[in-house]
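S.K.: Here's a structure for you.
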Amino acid sequence: MTDTSDVWRGTLALMVLKTLESLGPVHGYGIARRIEQTSENLLAINHGTLYPALLKLEQEGFIASEWGVSENNRKARYYKITRSGRRELEKATREWQQTTAILARFLTPGEEPS
Amino acid sequence: MNFKSLRSWLARLGGLFQKERRDRELAEELEMHLQLYIDDKVQSGMTPEEARRDALIKFGSVEATKERYRERRGVPALENLIRDLRYAVRVQRRSPGFTAMAVLTLALGVGANTAIFSVVNAVLLRPLNYREPERLVMVWEELPAVGVRRDTPAPGNFNDWKTQNRVFEDMAALEYRNYDLTGDGGEPERLFAYGVSTNFFSLLGVGPAEGRDFTPEEGRPGADKVAVISHGLWQRRFGGERAVVGRDVLLNGEKHTIVGVMPRGFQFGTLDMSVWTPFTLTPEQLSNRSIHFLEVVARLKPGVTAAQADADLKAITGRIAAAYPDDAEGLSAEVVPLHEQVAGGVRRPLTMLLVAVAFVLLIACANVGGVLLSRSAARSREIAVRAALGASRWRIVRQLLTESVLLGVAGGLLGSILAVWAFAFLQQLVPAGMRESAVLQLDMRVLGFTLLISLLAGVVFGLAPALHASRADLNDALKQGGRAGVSKGQRRLRNSFVVAEVALSLVLLVGAGLLIQTLQRLRGQYSNLQLESVLTLQTQLAGNRYKESARRAAFYDEVLARVKSLPGVVAVGYTTGVPLVRKGGANGLSLEGRDNGPGAFWNANHRQISPDYFRAMGVEVRQGRAFDERDDEGATPVVAINETMARAYWPGESALGKRFKAGAPESPEPWLTVVGVVADVRQTGVDTPIKAEMYVPYRQAAKHWQTPPYSLFPPRDLVIRTSVAPTSLVASVRDAVHDVDPYQPLSSVRTMDEVLGRETAQRRVGMILLTAFAGLALLLSALGIYGVLAYFVVQHTPEIGVRMALGAQRRDVLRLVLGKGMRLALTGVCVGLAGAYALTRLLQSLLFEVKATDPLTFGLIALLLTTVALIACYIPARRATRVDPMVALRYE
């Protein structure tokens, strides 16, 4: 699956939160690269779409940002997850797992519900 | 809205600020993103050029990202609005002349509306200051057969109503009283007062702010005398001290204990009441049905309507009439809601003024709209460019509307300031019965109204030009290069604005003209009395000190003699009451040799006067003679009557020498011989019908008349005709009275002209306002015509130039332009005449001796408007004749 369909767009926020949780403070490019790496390049996101999503998360108070210096000495904006962001991540993860579990049951062949 | 979305909305609102910094940071951040990507790719072996290209592909459109980011950051609709507003402010600033004109025009329009609405709000919309005021009513007696309306009830009838009705929770009676206040160390002072049933305050649901209400026991005969005083008296006379409660004062020489002080703004009745005392109806009074002097207020039971109460009271009164034909034949009753009683009289004038100011606002809108139309034509290139760059039609309309609404709101703001400034003047429109309680103020309702009409005005005058502008043909507009002419539709629209303005102005002017004439006729009735040189004041003699009529007569004689000898006094007289102050009631008479049985309604207002009263007041003796010193106690009882009475009671013959008496033919009153017939004076009100009036010499009245109601009305008002300015005599007259009795208070000192002025004040204010509005309308329409023609001339300068080059004379050009303007004006005049014919009928009840369709007024106003229009047309027309053909053609 290589296109950024609606399903994926909706989960972008979740992926961003998860990335920030595991990596700590990181800049936008870092987030994009990490998402691509994690998906083993199966998911090629349009990097531009990341920024409105980051802004939305920040407005909602799930992430915070500040300016810092990158590994190769460039000025960059670093994002980190906030406490309410962690709570949101937990909640979203649980919901997502539930959803996938339900879908898995539907899609797995041979197992008729009794 | 949950916390998450609230938080993000706040963040987005925050995003409206510091846009530049945020934009810069975003650009930096995105650039960094690309750099980091390029760094990575270069490390893995790409050339920097390839890496950059790859980065841009990977990133997608940077600009689109920025745009989406911005949308997410702020609130686009709000940002557009702010941008429109900023732009609108800039546009207005670019043409300060137009802006000032438009804002001022709208301010006058909106201000007039705010002013009148604030009166409507205070008088008609705000409830009265009592508990559940909508359940309060007044109850009056009526005698439909003789046209007596809303008469004060007799105690016996009140008593029956109170015991037999099924519609009232409670009923209270009031009696008008006068007190001389002494015994507290201050100057003697005359106070207006009400004697009230002890349940009066609790019935209204407003108790004293200090002290306590009356107890029921205090209404019984023989109880200790107590009084409740007004906030005003408390402040003025007792310095607002709490300790006034419990204090003893003398009212008409009798000790009363002050038990309470009413709150500020409490008012009941039309006079400035200072004292309320409990009143007691004796058993004799409670069965009396012939002396009518009470005012009756009642509280409806919950759920009962005034109409139901009216029916119930009419039924009871019908039974009374049947049971007591001597006193109550033909008697009926009327229940009037208290608010109607107090404010009903101004509903019509206020409605008239509301219509007038609505007209003024419409004219203001038409005016500004007209100019805006021409301007939008001049701006058509700008608008076309916007449209070409992709602005939607709605977006353009919205932007133009923002401009006009901005103008409207600015006008509204300025208008409210104008309105507040006029409040003191407008307060005169508040009826006397709510003078204390209904204070004009800019409350939420008035502000809301003003904001609403400002916005509405902005939309009304802005919409048509905006729609027109946005519909303009792009290609044409761009090609014409900004020198675009007005489209045919726009021209027609602007022309119809002018026609409407002229028509509306004409209606207002006709209304104002009719009211001016009414006022002139009302005042003209008194012009032969030369009231401006008549001073009047009241000396109400307290009953306990002047019980004997001889003492009263001595007081009058002495005062008259002293005042007469003052320099500058031409004549001086005493009367029961001067016209328009004491309005008097009708009392029954018997005519000698006529059928005086039931069904005969001979009656007259009566006044007791001193011999020189007619000369002092300026009342002409038409037949017979005035009184003189010979008409004393020992002489034949005489009477003077007015012409109306002479005509009505002795039609076709001379009334001189005829005799009649007060009351029934068998009553002990003496027969009075008519010795004089005097001119009619409208005494009971400037526009009430003239009734029969009789005057008797006070010396004879004091001797003969021992029975009420005649004995109740000894002379009270001193009337002084002067050859100098009347007010310059006040001090010496006061001294003269105090020389006779140092404890006698004087009150209501004023010239008769002032009395008349007060009586006509409300109409005068209404007339002045309507005239001002009409004048404003006239000015605005003149400006409207001028604007259209001036624009026409500018637009047609080349054409005029060609015509003149081809040999047209100045006169032809003048005729062309004038003709165009006058066609509009005359169309407006015709439409206006028709409108006025239809609308001024609604004014009829406000007019006096003028027909609502008075042809002279209509003609003169039409002429006036045409003349003004002609002047407004002439200025641009003359400019057109000055067009230099060479210049005009070169311009082309």
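S.K.: Please indicate, with yes or no, whether at least one residue in region B:415-436 is surrounded by fewer than 22 Cβ atoms within 10 Å (Cβ to Cβ), among the charged types (D, E, K, R) and over 26 Å from B:Leu85 (Cα atoms).
M.R.: yes
S.K.: Right, another one. Confirm whether A:Glu66 is within 14 Å of chain B (Cβ to nearest Cβ), surrounded by fewer than 12 Cβ atoms within 10 Å (Cβ to Cβ), touching a Phe, Trp or Tyr at 6+ places or on another chain (Cβ under 7 Å) and touching a residue at least 12 places away in the same chain (Cβ under 8 Å).
M.R.: yes
S.K.: Quick test for you: out of B:Arg149, B:Arg135, pick the one residue that is farther than 30 Å from B:Ile690 by Cβ and among the charged types (D, E, K, R).
M.R.: Residue meeting the stated conditions: B:Arg135.
S.K.: Taking B:Leu463 and the conditions (1) within 21 Å of B:Val103 (Cα to Cα); (2) in contact with a helix residue (DSSP H, G or I) (Cβ under 9 Å, 6 or more places away or on another chain); (3) at pLDDT 85 or above, which numbered condition does it fall short on, given that it satisfies the others?
M.R.: (3)
S.K.: How many residues does region A:9-32 contain that are in a helix (DSSP H, G or I), touching a residue at least 12 places away in the same chain (Cβ under 8 Å), facing chain B (nearest Cβ under 9 Å) and farther than 18 Å from B:Arg72 by Cα?
M.R.: Residues that pass the stated criteria total 2.
S.K.: Taking B:Leu36 and the conditions (1) aliphatic (A, V, I, L, M); (2) surrounded by 14 or more Cβ atoms within 10 Å (Cβ to Cβ); (3) within 22 Å of A:Gly68 (Cβ to Cβ); (4) more than 8 Å from chain A (Cβ to nearest Cβ), which numbered condition does it fall short on, given that it satisfies the others?
M.R.: B:Leu36 satisfies every listed condition except (4).
S.K.: Looking at B:Gly801, is it touching a residue at least 24 places away in the same chain (Cβ under 8 Å), more than 30 Å from B:Ile116 (Cα to Cα) and crowded, with 20+ Cβ neighbours inside 10 Å?
M.R.: It is true that B:Gly801 is touching a residue at least 24 places away in the same chain (Cβ under 8 Å), more than 30 Å from B:Ile116 (Cα to Cα) and crowded, with 20+ Cβ neighbours inside 10 Å.
S.K.: Among the helices (runs of 4 or more DSSP H) contained in region B:638-751, which hold 3 or more residues that are within 27 Å of B:Ala542 (Cα to Cα) and at pLDDT 90 or above?
M.R.: B:730-740
S.K.: State all residues of region B:39-52 that are exposed (fewer than 14 other Cβ atoms within 10 Å of the Cβ) and either more than 14 Å from chain A (Cβ to nearest Cβ) or in a helix (DSSP H, G or I) (or both); if no residue qualifies, say none.
M.R.: Residues satisfying the conditions are B:Gln43, B:Gly45, B:Thr47, B:Pro48, B:Glu49, B:Glu50.
S.K.: Of all residues in region A:70-108 being farther than 25 Å from B:Ala27 by Cβ and polar (S, T, N, Q), which is farthest from the other protein chains (Cβ to nearest Cβ)?
M.R.: A:Thr108
S.K.: Here is a further query. Can B:Leu250 be described as buried (at least 21 other Cβ atoms within 10 Å of the Cβ), in a strand (DSSP E or B) and of a type outside the set (Asp, Glu)?
M.R.: When the stated conditions are applied, B:Leu250 does not pass them.
S.K.: Next question. With the requirement that a residue be assigned to a helix (DSSP H, G or I) and more than 13 Å from chain B (Cβ to nearest Cβ), what does region A:33-48 give you?
M.R.: Result: A:Thr38, single match.
S.K.: What pairs come out if I take residues in region B:53-73 that are within 9 Å of chain A (Cβ to nearest Cβ) and pair them with residues that are surrounded by 18 or more Cβ atoms within 10 Å (Cβ to Cβ) and not in a helix (DSSP H, G or I) whose C-beta lies under 8 Å away, six or more apart or interchain?
M.R.: B:Arg73/B:Gly15
S.K.: I'm told B:Thr673 meets every condition in (1) in contact with a Gly (Cβ under 7 Å, 6 or more places away or on another chain); (2) under 19 Å from B:Leu529 (Cβ atoms) except one. Can you identify the failing condition by its number?
M.R.: Only one criterion is unmet by B:Thr673, namely (2).
S.K.: Being assigned to a loop (DSSP other than H, G, I, E, B) and either under 18 Å from B:Ala88 (Cβ atoms) or of a type in the set (Lys, Arg) (or both) is the filter here; which residues of region B:366-391 pass it?
M.R.: Across region B:366-391, the qualifying residues are B:Arg379, B:Ala391.
S.K.: Quick check on this structure: which one of B:Asp54, B:Asp40, B:Asp23, B:Asp84 is within 57 Å of the chain's Cα centre (by Cα) and acidic (Asp, Glu)?
M.R.: B:Asp84
S.K.: Take the residues in region B:236-247 that are hydrophobic (A, V, I, L, M, F, W, C) and not in a loop (DSSP other than H, G, I, E, B), then tell me which one is surrounded by the fewest Cβ atoms within 10 Å (Cβ to Cβ).
M.R.: B:Ala243
S.K.: If a residue must be surrounded by fewer than 22 Cβ atoms within 10 Å (Cβ to Cβ) and within 20 Å of B:Gln341 (Cα to Cα), how many such residues does region B:141-160 contain?
M.R.: 9
S.K.: As an exercise: evaluate A:Gly30 against (1) of a type outside the set (Asp, Glu); (2) within 18 Å of B:Tyr37 (Cα to Cα); (3) in contact with a Phe, Trp or Tyr (Cβ under 8 Å, 6 or more places away or on another chain) and give the number of the one condition it does not meet.
M.R.: That leaves (3) as the condition not met.
S.K.: What are the residues in region B:793-835 that are of a type outside the set (A, V, I, L, M) and within 14 Å of B:Asn495 (Cα to Cα), if any?
M.R.: Scanning region B:793-835 gives B:Gly819, B:Lys820, B:Gly821, B:Arg823, B:Thr827, B:Gly828.
S.K.: Within region B:152-235, which strands (runs of 3 or more DSSP E) (wholly inside it) include 1 or more residues that are in contact (Cβ under 8 Å) with a residue 24 or more places away in the chain and of a type in the set (Ser, Thr, Tyr)?
M.R.: Passing ranges, in order: B:168-182, B:189-196.
S.K.: May I ask you to list the residues in region B:834-874 that are in contact (Cβ under 8 Å) with a residue 12 or more places away in the chain, exposed (fewer than 13 other Cβ atoms within 10 Å of the Cβ) and of a type in the set (A, V, I, L, M)?
M.R.: Result: B:Ile871, single match.
S.K.: Tell me, which residue of region A:49-63 that is at the interface with chain B (Cβ under 8 Å from one of its Cβ atoms) and in a helix (DSSP H, G or I) is farthest from B:Gln35 (Cα to Cα)?
M.R.: Residue satisfying both the conditions and the ranking: A:Gln59.
S.K.: If you don't mind, another one. Restricting to region B:479-500, name every residue that is modelled with pLDDT under 80 and touching a helix residue (DSSP H, G or I) at 6+ places or on another chain (Cβ under 9 Å).
M.R.: If the condition is that a residue be modelled with pLDDT under 80 and touching a helix residue (DSSP H, G or I) at 6+ places or on another chain (Cβ under 9 Å), then B:Gln480, B:Gly481, B:Gly482, B:Arg483, B:Ala484, B:Gly485, B:Val486, B:Ser487, B:Gly489, B:Gln490, B:Arg491 are the ones that fit.
S.K.: Then there's this: Within region B:328-340, is even one residue at pLDDT below 85 and part of a helix (DSSP H, G or I)?
M.R.: yes
S.K.: While we're on this one: Looking at B:Ala77 and the list (1) at the interface with chain A (Cβ under 8 Å from one of its Cβ atoms); (2) among the hydrophobic types (A, V, I, L, M, F, W, C); (3) farther than 19 Å from A:Gly30 by Cα, which single condition is not satisfied?
M.R.: Only one criterion in (1) at the interface with chain A (Cβ under 8 Å from one of its Cβ atoms); (2) among the hydrophobic types (A, V, I, L, M, F, W, C); (3) farther than 19 Å from A:Gly30 by Cα is unmet by B:Ala77, namely (1).
S.K.: Tell me, please, whether a residue that is within 23 Å of B:Ala107 (Cβ to Cβ) and in contact (Cβ under 8 Å) with a residue 24 or more places away in the chain can be found in region B:329-350.
M.R.: Yes: region B:329-350 contains one or more residues that are within 23 Å of B:Ala107 (Cβ to Cβ) and in contact (Cβ under 8 Å) with a residue 24 or more places away in the chain.
The values are calculated or read from the model by the stated rules, or taken from the named source; none is laboratory data. The structure presented is a predicted model; accordingly, all values stated were derived computationally and were not measured. Note: ideal-geometry Cβ built from the backbone for every residue, glycine included; neighbour counts use all protein chains shown.
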